[in-house]
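Below is one structure; the comments refer to it alone.
A short reminder: the numbers here are calculations on the coordinates, not readings from a lab. Everything numeric in this text was worked out from a predicted model, so none of it was measured. Reconstructed Cβ throughout: ideal geometry from the backbone, glycine too, with neighbour counts over all protein chains shown.
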Amino acid sequence: MQKQLSRRTTWLLKTAYWLGYGSIPTVGTLVYYLYQARLAEGAQSAVFFCFYVLHIFFSSVLGNWLVGTTGHSQARLHEEIWRRTPGLLPTFPALEVGSDMAFAARTQRRDLLIAWLIALGFIAYNALSAPTYLVRSLVMLSLPLVVFLLRTSPAEAIAWAGPEGVRGTGSADAWGPWEELARVEVRLEYDYLGDPKLLALSLFDVFGKSLGQVWLDTERARRPERASLERFYEALREEFAVEVVS
């Protein structure tokens, strides 16, 4: 499911992505420090909120756009339709897709470091103009740690398949028993490094009635662990007649 990249290409792609991803926070920080003294308190809050919203919605877009300009991006979309005659599969192995805890831990540590650096920057800046501000500095430094601890979650299975059928964990509607499951519409997306970032399985019975959707994406702590995702995908695929859409 993944193409091997050279170290140089991997470094190039990651550098391009993070340059694009960090452009909005960087510009926002510069604007704040250059014009902070000229802006009223309400205007400062408005500028901060504006750049925060831009960061949430567009930083990833800019990162992927800059990666695309290198000509080496591995981002792509693959769609298939799987068809079968409904019936029991008593010998189908029990499979689980687990959340990638190593990825979640790296993401949380990175976010904690960024939050602390931002907090230290504000503390240093305000301490120069208002020494009494240091009294509140410990609160600012502790908030990122509190957020980090609240976001930490244990490992969990986020999809399951076995002799009875296919289920998306936590979604009561996404349940496809083998005696009803006749068609699956598959959407598989890869990120700029070629890692699978989304596997969406839309389940249907022989009459075209939806049995729900198993949705495995890269939402922070619930990013699918790659090896279990590949086993899940390949084992299911073998039980169907496959029609490649794109």
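Miscellaneous remarks
- Cα convex hull of segment 173-246, projected area averaged across orientations, nm²: 5.7
- Two-site FRET efficiency, Val245 against Met101, from Cβ-Cβ distance with R₀ of 41 Å, rounded to 0.05: 0.80
- Built amide H within the under 5 Å cut-off of Val206, gap 5+: Ala182
- Across q = 0.17, 0.25 Å⁻¹, segment 1-60 modelled as identical point scatterers on its alpha-carbon atoms has Debye log10 I(q)/I(0) values of -0.65, -0.97, in the order of the q list.
- Surrounding net charge for Phe92, when Lys and Arg each add one and Asp and Glu each subtract one, Cβ distance under 15 Å: -3
- Per-residue Karplus couplings for segment 10-25, computed as 6.51 cos²θ - 1.76 cosθ + 1.60 with θ equal to phi - 60°, are listed in order as 4, 4, 4, 5, 5, 5, 4, 4, 6, 5, x, 5, x, 5, 5, x Hz, Gly and Pro entered as x.
- Charge sum, other residues only, whose C-beta stays under 15 Å from Arg187's C-beta, Lys/Arg counted +1 and Asp/Glu -1: -3
- Sorting the segments 196-207, 24-35 by their residues' average number of neighbouring beta-carbon atoms within 10 angstrom, most packed first, yields 196-207, 24-35.
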